[in-house]
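The values are calculated or read from the model by the stated rules, or taken from the named source; none is laboratory data. Since the model is a prediction, treat every value here as computed from it, not as a measurement. Backbone-built Cβ (ideal geometry, glycine too); neighbour counts: all protein chains shown.
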Amino acid sequence: MRKFLIITLLLITTAAFGAEKLSLQDCINIALEKNPNLTIASKQVSAYRSGVRGSYGSILPYVSAGARSSRSTQGPNEYIAYGTKFVSPDTTTYYYSAGITYNQNIFDGGKWWNNIRLAKNSLDGAIYDRNLTRQSIIANVTEKFYNVLKARELLNVYEMALKNSREQLGKTEEMYKIGQVAKKDLFKAQVSEGNDRLNVIRQKSVIRLAMSDLNVAIGQTPNIPLDIYEDEYKITENVGKEVAVKKAIAGNQEYNSLITQKTSAFLQYKIAQGDCFPTLSSTFSYYRGGPEFSHAYEDFDKWWNTNLTFNLSFPLFDGFRRKTNIQQKRLNYNIYEDRIEQKRIEIESQIENLILTLDTFREMLAINELNIESAREDLRLAQEMYRLNSATLLEVLDAQVTLTRAQGNLITTKYDAKIIEAQLALVMGTL
C-alpha cells in the first residue's frame, strides 16, 4: 500500500510539474499543427492546384504512339475458272506496323479557355476556404484560452472570499463565546462560509471543463495537463465601424469565397453556352509497316503512310438539353448576387454588434475598477463598525458579497472583451 502511494505521488508530481508553460500563440501553433480540418483543407488546395494543370489538357495536343502485329491465315479453297478446277492451298500473311498519332483541339466554343479559368478560380476558392478554416481554429483556441484564464482568476477571487469568510467566522465564534453577538450571527457566518466553499468547489469544476475544452481545441486529449499564461493584459483598441466594414469586405474569407463561387457559376454558364458553337479538331497520323518486321524500322523512304483529318461538327438539335442546361447555369449565377448581398449585410450587422459590445466592455472595465475600490472600502468600514457593535453581521456579509461580485465582474469583462476582439478579427479576416 505504501509503495502504491509513493508511485501515485510521483505520477501526480510529474503531471503537475511536467506541464509546459504555453502562451496563446503556443496554443494556436499546436492547434494549427494538429487540427485535421486544416490538414484536409490544405490537401484540397493541393488537389485544386493539380486540377489547374489538368485543365490545360483540353487545349494541349494529345500525342500517342502505337505498334501492331497481325497474323492472318486463310484455309485451302478451290474454284473453277474457264471450265478448269483450281485448288488454292492455305496461306498465312503477316503484317507489322508502328507509328504516332497527333490530335489537336482547334475550336470548341471557348470551353477550353473557360475550363482553365474555372480551375484557377476553384483554386482561389479552396485557398479562401483553407484560410477560413485556419482563422476559425485561431478564434476557437483564443476563446478557450481566455475561458481558462477567466476561470482561473475567478477561482482566486472565490478562494479569497472563502478565506475572508473563514476569518469572519472565527471572529464571530470568539465574539459569540464571550456573549458579544447572538447565535443567529454565528449561523449567518457559518452559512456564508459554506456558500463560499461551494463556490470554490464549483469553480474548480469549471476550470477542469475549460481546460478540457482547450485541449480539444488544440487537438489533444481532454485530460492532458496544461499550464497557460499571458504576460500582459492589453486593453482592446477602438475600431471604427467604417474601417472595420472596409477591411471585412476585403478580407472576410466567407465573403470572398462567395465571390469566387459566383465567378465559377458564371464560367459554368459560359461553358454551357459553348455547346451552341461548332467544334473543330484535327488528327494527323504517321504509320509505317509491312509484311516483314524490319519494314517498321528500316527503309524510311518506303513502307509508310500519313493521314491528316479535320473534323468540323455543328450542333443542330439535342432535345432541348443545351437550352435547359444554359438556363439552369444562368439562374444559378443570378442566385449568387442575392447571396453576396445577404452576406454583406450580415457582416455589417456582426461588426456593428461586436464593436458596440467591445465599447461597452471598455467602459465597464473602468467602472468595475472603481466598484472594486468602493467595495473594498465598504467592507473595511463594515468590519470595523461590526467590531465596534455599530453594524450587523449581515452588513459585513453583504459588503463581502459585493466585493466578490465586483471582482468577478471585472475578470469576466476583461476576458470576454478579448474573446469578442477575436470574433471581430475573424469577421474582418485579420486573424
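Between GLU369, GLU341, GLU352, which is assigned by TED's automatic domain parsing to the domain that holds ASN409, loosely packed, with under 13 Cβ neighbours inside 10 Å and over 18 Å from THR412 (Cβ atoms)?
Exactly one residue qualifies, and that residue is GLU341.
Which condition number in (1) more than 22 Å from the chain's Cα centre (by Cα); (2) exposed (fewer than 13 other Cβ atoms within 10 Å of the Cβ); (3) under 28 Å from GLU159 (Cβ atoms) is the one that GLY240 fails?
GLY240 satisfies all of (1) more than 22 Å from the chain's Cα centre (by Cα); (2) exposed (fewer than 13 other Cβ atoms within 10 Å of the Cβ); (3) under 28 Å from GLU159 (Cβ atoms) except (3).
Taking strands (runs of 3 or more DSSP E) that fall entirely within region 1-110, which contain at least 1 residues that are modelled with pLDDT of 90 or more, within 26 Å of ALA296 (Cα to Cα) and not aromatic (Phe, Trp, Tyr)?
62-74, 91-107
Assigned by TED's automatic domain parsing to the domain that holds GLU174 and either among the hydroxyl-bearing types (Ser, Thr, Tyr) or farther than 30 Å from ILE178 by Cβ (or both) - does that describe any residue in region 388-395?
Yes, region 388-395 contains a residue that is assigned by TED's automatic domain parsing to the domain that holds GLU174 and either among the hydroxyl-bearing types (Ser, Thr, Tyr) or farther than 30 Å from ILE178 by Cβ (or both).
Looking at the structure I just gave you, is ASN389 exposed (fewer than 15 other Cβ atoms within 10 Å of the Cβ) and either part of a loop (DSSP other than H, G, I, E, B) or in contact with a strand residue (DSSP E or B) (Cβ under 8 Å, 6 or more places away or on another chain) (or both)?
In short, yes.
If you take the residues in region 249-296 that are over 18 Å from LYS323 (Cα atoms) and assigned to a loop (DSSP other than H, G, I, E, B), which one is nearest to the chain's Cα centre (by Cα)?
ASN252
What is the one condition in (1) free of Cβ contacts under 8 Å to residues at least 60 places away in the same chain; (2) more than 26 Å from the chain's Cα centre (by Cα); (3) assigned to a loop (DSSP other than H, G, I, E, B); (4) within 30 Å of ASP416 (Cβ to Cβ) that PRO315 does not satisfy?
With (1) free of Cβ contacts under 8 Å to residues at least 60 places away in the same chain; (2) more than 26 Å from the chain's Cα centre (by Cα); (3) assigned to a loop (DSSP other than H, G, I, E, B); (4) within 30 Å of ASP416 (Cβ to Cβ) applied to PRO315, the lone miss is (4).
Take ASN371 and tell me if it is outside any helix (DSSP H, G or I) and either out of contact with any His (no Cβ under 6 Å at 6 or more places or on another chain) or not β-branched (Val, Ile, Thr) (or both). Write out each step before concluding.
Values: outside any helix (DSSP H, G or I): no; either out of contact with any His (no Cβ under 6 Å at 6 or more places or on another chain) or not β-branched (Val, Ile, Thr) (or both): yes.
It is false that ASN371 is outside any helix (DSSP H, G or I) and either out of contact with any His (no Cβ under 6 Å at 6 or more places or on another chain) or not β-branched (Val, Ile, Thr) (or both).
Quick one: would you say ALA265 is at negative phi and surrounded by fewer than 13 Cβ atoms within 10 Å (Cβ to Cβ)? Write out each step before concluding.
Working: at negative phi: yes; surrounded by fewer than 13 Cβ atoms within 10 Å (Cβ to Cβ): no.
Criteria not met by ALA265.
When you check ARG117 against the structure, is it charged (D, E, K, R), part of a helix (DSSP H, G or I) and over 25 Å from GLY57 (Cβ atoms), yes or no? Working first, answer last.
Details: charged (D, E, K, R): yes; part of a helix (DSSP H, G or I): yes; over 25 Å from GLY57 (Cβ atoms): no.
So ARG117 fails the test.
VAL87 passes all but one of (1) touching a strand residue (DSSP E or B) at 6+ places or on another chain (Cβ under 8 Å); (2) surrounded by 14 or more Cβ atoms within 10 Å (Cβ to Cβ); (3) not hydroxyl-bearing (Ser, Thr, Tyr); which number fails?
Against the list (1) touching a strand residue (DSSP E or B) at 6+ places or on another chain (Cβ under 8 Å); (2) surrounded by 14 or more Cβ atoms within 10 Å (Cβ to Cβ); (3) not hydroxyl-bearing (Ser, Thr, Tyr), VAL87 comes up short only on (2).
Pick from region 393-431 the residues that are surrounded by fewer than 16 Cβ atoms within 10 Å (Cβ to Cβ) and farther than 15 Å from ALA161 by Cα: which of them is modelled with the lowest pLDDT?
LEU394
Would you confirm whether any residue within region 147-158 is within 41 Å of the chain's Cα centre (by Cα) and within 30 Å of ILE40 (Cα to Cα)?
Within region 147-158, one or more residues are within 41 Å of the chain's Cα centre (by Cα) and within 30 Å of ILE40 (Cα to Cα).
Could we say that ARG53 is over 21 Å from LEU123 (Cα atoms) and loosely packed, with under 12 Cβ neighbours inside 10 Å here?
On the way: over 21 Å from LEU123 (Cα atoms): no; loosely packed, with under 12 Cβ neighbours inside 10 Å: yes.
For ARG53, the condition - over 21 Å from LEU123 (Cα atoms) and loosely packed, with under 12 Cβ neighbours inside 10 Å - is not met.
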